[in-house]
Structures are given as structure tokens and as C-alpha cells.
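A.B. asks: Okay, here's the structure, questions in a sec.
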Protein chains: 2
Amino acid sequence: MTDIAFQDYYPDNVSQCYGCGRLNEHGLQIKSYWDGDETICHFRPKPYHTAIPGYVYGGLIASLIDCHATGTAAAAAYRAENRAMDTEPPLRFVTASLHVDYQRPTPIDAVLEVRGLVKELKGRKVIVAVTLSAHGEICARGEVVCVRMPEEFGRRAGE
Amino acid sequence: MTDIAFQDYYPDNVSQCYGCGRLNEHGLQIKSYWDGDETICHFRPKPYHTAIPGYVYGGLIASLIDCHATGTAAAAAYRAENRAMDTEPPLRFVTASLHVDYQRPTPIDAVLEVRGLVKELKGRKVIVAVTLSAHGEICARGEVVCVRMPEEFGRRAGE
């Protein structure tokens, strides 16, 4: 794992996302990192992120999978070009489609581990497979199709 | 449309969900209703529900589709039995899988309209197709496979 999260490389104008923007004070502010060829993110749900008492609501799980995947797509696109994530031109991604299979209830009293693996990186499209685990057990599996944004998004102000 | 939302029929012990629980003070508290053979839910995003500035983040869209679908599944299951939603035994649903296609950016300065249509209702499983629109244009389409919970969930306290 490197020290700086993918999301901490994003310039201010794309750092407002509720799921992953470091400047969204109300948001989840997830942090994603490389872990070998996979990417990893840890997140501790708040008590109010509940579905039925004791378990995490599905929308949070979908949000974590989604935002970790778009971060993974960006990181993988830079890695494929042998560039650091703060170099130009910017490579930022949005979600074209999201699929989540909820395999078992996700306990809320856990640090959730979200892992991403790039299945395909081709042109402007990156497909990321994601698992979400609690206490060492996979609770949900996702697949996210990410599409690269036009370059005007993610360019640093003044550049 | 009827006056009482599906979620307002849920007994207290299943009304904590961040997405749809009327007792979750931090949550979205969505309200879903019948509109003919479809179901409908309106939701105005908060300014901080942003992705890139001006648009709604995908996790909120997934959350709205998910919770509106499980509410729709419950309502449809009661309707299929010609029962009111506050009668026993309880019919409550969780999400087995969620698929969302993001078709265009969803503007944040709109009341979002979420519509559900039951595609299949068979045994313990209900499949709900969902659209999410803003300013009259469909921005996302979802399909949610909902599975009925064991009856101990959703039974009123003391019964």
C-alpha cells in the first residue's frame, strides 16, 4: 500500500463527491490504495448506516463499491501509462453501470474491507470487480463499468 | 396514489433503515406509493449529495432505486394477497441483487422521480424494474431482485 490515497490526488474541482470527495464534509470520504495488483479501501460504517438493526443498508454497500471502483479505474489508467496520479492530462472516471450481489447480511460492527481488481482496461472503459468483506467473510460482490470523463473534468484550476 | 407511504406501514423494528426507515433521523426517509400499477417516490437531493458539481452521486441513485424496490416488493406482495400492509403475517423484503445503468448525469437541482414496476412475483422473490428521472428525462434504470425476509422480521412487537 502507498501512503497517499487515490482520492487525495484529485484536484479540488472533482473532490466534492459524497462518496469519495475529500472536500465533502457530509460525505463518506473513502480512501483507496494499491495493494499489489488489487486495490483496497477500509470503511467503518456509522451506527445510522443500518438496514435492519445490526446490519449495513444496501445503499452504503453500493456506494462504497461504486466509488472504490471509479477510484480504482483512475489509478489503473495512470498505472497503465506509467504516470503518477497528479500528472496531466487527468484521467477521471464515472460509472456507466453498477451490479451488486448481496451474498449475506453485512454486520455493522465491523471495519468493511473493499477490494477491487481490474478485469478489463480498454480505451475509455475500465471494468472493476469488487468484493466487500466484514470479519474476513465476503458479504457482497460487485462489478462496475467505469467510463473516462472528458478531460475538462479533473484538470487543475488554472491549467 | 394513496395517502400512506409503504414505509409508514412498517413496524418500528424494521423502520431503522438509512434509506427508507421513518425512524432513522440521519437517513433519506424515502416515501413510496402506488400510482396505478406502478409505484412512485419523489426525492429532492441535498446539495451535498453531489458527484461532480451540479450532479447527483451514483450511490444515492443506487440507494433510492434499492429502497424504493424493496418497498415496492412488499406492497406488491400484500396486494397479491389482497391484504393491507399493516396486517399479519408481515411481508418484508431485502435485496438479493441490484443493477443500475447510469444513462446520463442526474442534475441535483431537481425533484427526482423514482418509478417501480413489478416484473415478476413468484414465491419469496420479487423482481422490480425501476427508472429514475429528473426534469422529465430518465437518468438511470435499475433492476432489483428482492427476497422475502423470514417472518420474525417485521412482526409487530408483542405479537
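The values are calculated or read from the model by the stated rules, or taken from the named source; none is laboratory data. Since we're looking at a predicted model, the values are computed, not measured. FYI the Cβ positions are ideal-geometry reconstructions off the backbone, even for glycines, and counts take in every protein chain you see. Just so you know, the surface numbers come from the protein's heavy atoms only, side chains and all, with ligands and any DNA or RNA stripped out. Shrake-Rupley method; radii C 1.70, N 1.55, O 1.52, S 1.80 Å.
A.B. asks: Mind listing the label-point distances from A:D101 to the same position on all other copies, shortest first, one decimal in nm, points 7 Å along Cα→Cβ?
C.D. replies: Counterpart label points of A:D101 in the remaining copies fall at 2.1 nm.
A.B. asks: Can I ask one more? With a cut-off of at most 11 other beta carbons within 10 Å, and DSSP calling the residue loop, which chymotrypsin sites (Phe, Trp or Tyr not before Pro) in region B:52-146 qualify? Please list them. Could you put the intermediate results ahead of the total?
C.D. replies: Working: sites: B:Y55, B:Y57, B:Y78, B:F93, B:Y102; in loops: B:Y57.
Here no loop site has a sparse enough neighbourhood.
A.B. asks: What FRET efficiency would be calculated for the residue pair A:R79, B:D101, taking the C-beta separation as r and a Förster radius of 30 Å, to the nearest 0.05?
C.D. replies: So the FRET efficiency works out to roughly 0.65.
A.B. asks: Got a number for the accessible area of B:D35? Probe 1.4 Å, square angstrom, nearest 10.
C.D. replies: The accessible area comes out at roughly 50 Å².
A.B. asks: Can you list the distances in nanometres, one decimal and ascending, from the A:D86 label point to the identical position in each other copy, with the point 7 Å along Cα to Cβ?
C.D. replies: Label-point separations across copies, in nm and ascending: 5.9.
A.B. asks: Then there is this: Of the residues A:N82, A:N13, A:N24, which exhibits the maximal mean-square fluctuation in a Gaussian network model of chain A defined by a 10 Å Cα contact cut-off?
C.D. replies: A:N82
A.B. asks: Something else about it: List the trypsin sites (Lys or Arg not before Pro) within region B:1-92 that DSSP assigns to loop and that have no more than 15 neighbouring Cβ atoms inside 10 Å.
C.D. replies: Values: sites: B:R22, B:K31, B:R79, B:R83, B:R92; in loops: B:R22, B:K31, B:R83, B:R92.
Of the trypsin sites (Lys or Arg not before Pro), the ones in loops of region B:1-92 whose Cβ has at most 15 other Cβ atoms within 10 Å are B:R83.
A.B. asks: Please calculate the 1.4 Å probe accessible area of A:I138, with all protein chains present, and give it to the nearest 10 Å².
C.D. replies: Estimated to the nearest 10 Å², A:I138 gives 50 Å².
A.B. asks: Taking N as the number of residues in region B:46-121, what value does Rg over Cα atoms divided by 2.2 N^0.38 Å take? Could you put the intermediate results ahead of the total?
C.D. replies: Numbers: Rg = 15.3 Å, N = 76, 2.2 N^0.38 = 11.4 Å.
After normalising by residue count via 2.2 N^0.38 Å, the value is 1.34.
A.B. asks: Work out the P(r) tail for chain A: percent of alpha carbon pairs separated by more than 19 Å, whole number. Don't skip to the end; give the middle numbers.
C.D. replies: On the way: 6401 of 12561 pairs.
Above the 19 Å cut-off, chain A has 51 percent of its Cα pairs.
A.B. asks: What figure in square angstrom, to the nearest 10, would you give for the accessible area of A:I127 with a 1.4 Å probe?
C.D. replies: Spelled out: A:I127, probe radius 1.4 Å, area about 20 Å².
A.B. asks: Can you run phi through the Karplus equation (6.51, -1.76, 1.60; θ = phi - 60°) for region B:89-98 and list ³J(HN,Hα) in whole Hz, with x for Gly and Pro?
C.D. replies: x, x, 10, 10, 10, 10, 8, 8, 8, 9
A.B. asks: Normalising by the residue count of chain B, find the relative contact order in percent from Cα pairs under 8 Å and 6+ residues apart.
C.D. replies: Once normalised by length, the contact order is 25 percent.
A.B. asks: Kindly give the distances from A:P53 to its copy-mates, label point to label point, with each label point 7 Å from Cα along Cα→Cβ, as nm values to one decimal ordered shortest first.
C.D. replies: For A:P53, the other copies' label points sit at 4.4 nm, shortest first.
A.B. asks: Hey, any idea what Rg/Rh is for the protein assembly as shown, computing Rh the Kirkwood way over Cα pairs? Spell out each step's value before the answer.
C.D. replies: Values: Rg = 19.4 Å, Rh = 19.8 Å.
Value, to two decimals: 0.98.
A.B. asks: Quick check: from the Cα gyration tensor, does region B:16-78 come out rounded (a/c under 1.5), prolate or oblate?
C.D. replies: Details: a/c = 2.46, a/b = 1.64, b/c = 1.50.
Prolate, since a/c reaches 1.5 and a/b exceeds b/c.
A.B. asks: Helix-only estimate, please: 222 nm mean residue ellipticity of the protein assembly as shown, summing -39500 (n - 2.57) across DSSP H runs of length 4 or more and dividing by its residues, to the nearest 500. It would help to have the intermediate numbers written out before the result.
C.D. replies: Numbers: 2 runs with 46 residues, N = 318.
Using -39500 (n - 2.57) per qualifying helix, the result is -5000 deg cm²/dmol.
A.B. asks: If one takes the accessible area of chain B alone plus chain A alone and subtracts that of the pair, with a 1.4 Å probe, what total in Å², rounded to the nearest 100, results?
C.D. replies: Details: alone 8140 and 8140 Å², together 13860 Å².
Counting both chains, the buried surface is close to 2400 Å².
A.B. asks: Along the Cα→Cβ direction, 7 angstrom out, place labels at A:K119 and B:V147. What is the inter-label distance in nm?
C.D. replies: 2.0 nm
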